[in-house]
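Below: the structure, in structure tokens.
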Amino acid sequence: MRLVFMGTPPFAARALAALAEAGHEIACVYSQPPRPAGRGQRAMPSAVHALAAERGYPVRTPPGLRDPAEQAAFAALGADVAVVAAYGLILPRPVLAAPRLGCLNIHASLLPRWRGAAPIQRAILAGDRETGITIMRMDEGLDTGPMLLGESLPIAPDMTAGLLHDALAELGARLIVVALARLASGDLPATPQPATGVTYAAKIAKDEARLDWSRPASELARAVRGFNPVPGAFFEFGGERLRVLVADTVAGAGTPGTTLDDRLTVACGEAALRLRVVQRAGRAAMDTDSFLRGRPVPAGTRLG
């Protein structure tokens, strides 16, 4: 098929690579404009943009798609279908209607659960035992279009958002190739999403990652996993911010936010959280034994 691909982060780049390997014609790639990044704050292309440039595909990075001229340029590509994965821009009706077979989205949840911006993190934060990929035909709603294909994926008890992201990226890349093959043969029926079971995965705010010790330890352990690698669960201690990358729920009780031993076991609203891997600002991550050798934290210390 002749495709337009629309995506921005590494999650989407894996799908673009799979479509190219499957032999589809990539007419054009759309991605978010380059953003300042790194210490020098140089404008850097997105993962999708970089991959497309490496493979020699035309790349467009409009700040929006509301301009009629931009919509006409999109329609002029004559695509059979557009594949969208974590693009980050709203597709207005003229764009949705332009490809002959419509616009297909690779969504990282089992719709209608976790429509919206952060389905991977929200699934972990909520304690879901499984998630998956849904290939859907896009409409003007927020992830409301009919479902074409889907597959579930278990969420292991120790799985971080980063690990789940990578697993879902692989699954999404495989499923979109299958979906397009079936679409080409006319064997891809659409199923409307059920009206029940709808949840919304709101964008992650950075302050959500602050560990609130008054909450149950089980919730905080999920927060550590759900915010790893970004934005990183954290607390403040000794005038600096400490990120927590690995933590376990353990038995224990005490004033929330108070250490119960000299191994960074922290009392929570229910049970306790043992911090296993931490990271100081601007430093490499380290296990807590290494951290405590340089900065002991005795039992009874109150953490921020």
If a residue must be of a type in the set (A, V, I, L, M) and either part of a loop (DSSP other than H, G, I, E, B) or farther than 19 Å from Gly232 by Cβ (or both), how many such residues does the range 268-304 contain? 9
Has the range 238-261 got at least one residue that is outside any strand (DSSP E or B), under 30 Å from Asp166 (Cα atoms) and open to solvent by less than 30 Å² (accessible area, probe 1.4 Å)? no
All conditions in (1) touching a residue at least 24 places away in the same chain (Cβ under 8 Å); (2) out of contact with any Gly (no Cβ under 6 Å at 6 or more places or on another chain) are true of Ala253 except (1)
Please find, among Pro62, Pro45, the residue that is more than 16 Å from the chain's Cα centre (by Cα) and open to solvent by less than 20 Å² (accessible area, probe 1.4 Å). Pro62
Given the conditions (1) open to solvent by less than 30 Å² (accessible area, probe 1.4 Å); (2) closer than 30 Å to Asp80 by Cα; (3) assigned to a helix (DSSP H, G or I), and given that Ala223 satisfies all but one, which numbered condition is not satisfied? (2)
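Taking Leu101, is it part of a loop (DSSP other than H, G, I, E, B) and touching an Asp or Glu at 6+ places or on another chain (Cβ under 8 Å)?
On the way: part of a loop (DSSP other than H, G, I, E, B): yes; touching an Asp or Glu at 6+ places or on another chain (Cβ under 8 Å): yes.
Spelling it out, Leu101 is indeed part of a loop (DSSP other than H, G, I, E, B) and touching an Asp or Glu at 6+ places or on another chain (Cβ under 8 Å).
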Where the second residue is assigned to a strand (DSSP E or B) and surrounded by fewer than 21 Cβ atoms within 10 Å (Cβ to Cβ) and the first is at negative phi and charged (D, E, K, R) and lies in the range 12-28, which pairs have Cβ atoms under 9 Å and are six or more apart or on separate chains? Glu25/Arg2
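May I ask you to list the residues in the range 80-90 that are open to solvent by 10 Å² or more (accessible area, probe 1.4 Å) and within 11 Å of Val4 (Cβ to Cβ)? Full working, then the answer.
First pass over the range 80-90, keeping only residues open to solvent by 10 Å² or more (accessible area, probe 1.4 Å): 80, 86, 88-90.
Answer for the range 80-90, where residues must be open to solvent by 10 Å² or more (accessible area, probe 1.4 Å) and within 11 Å of Val4 (Cβ to Cβ): just Asp80.
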Kindly indicate whether Leu153 is on the phi < 0 side of the Ramachandran plot, open to solvent by less than 20 Å² (accessible area, probe 1.4 Å) and touching a helix residue (DSSP H, G or I) at 6+ places or on another chain (Cβ under 9 Å). no
In the range 110-150, which residues are farther than 24 Å from Ala82 by Cα, open to solvent by 20 Å² or more (accessible area, probe 1.4 Å), touching a residue at least 40 places away in the same chain (Cβ under 8 Å) and touching a strand residue (DSSP E or B) at 6+ places or on another chain (Cβ under 8 Å)? Gln121, Arg122
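Here is a list: Val230, Val178. Which entry is of a type in the set (A, V, I, L, M, F, W, C), within 30 Å of Met1 (Cα to Cα) and open to solvent by 30 Å² or more (accessible area, probe 1.4 Å)?
Details: Val230 fails: within 30 Å of Met1 (Cα to Cα).
Result of the check over Val230, Val178: Val178.
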Total residues in the range 65-74, condition within 29 Å of the chain's Cα centre (by Cα), part of a helix (DSSP H, G or I) and farther than 16 Å from Val29 by Cβ: 1
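The values are calculated or read from the model by the stated rules, or taken from the named source; none is laboratory data. No experiment lies behind these values; they were computed from the predicted model shown. Positions of Cβ are backbone-derived with ideal geometry, glycine not excepted, and every protein chain shown enters the neighbour counts. The protein model used for the area step is the full one, side chains on, heavy atoms only, and it has no ligands, DNA or RNA in it. Shrake-Rupley method; radii C 1.70, N 1.55, O 1.52, S 1.80 Å.
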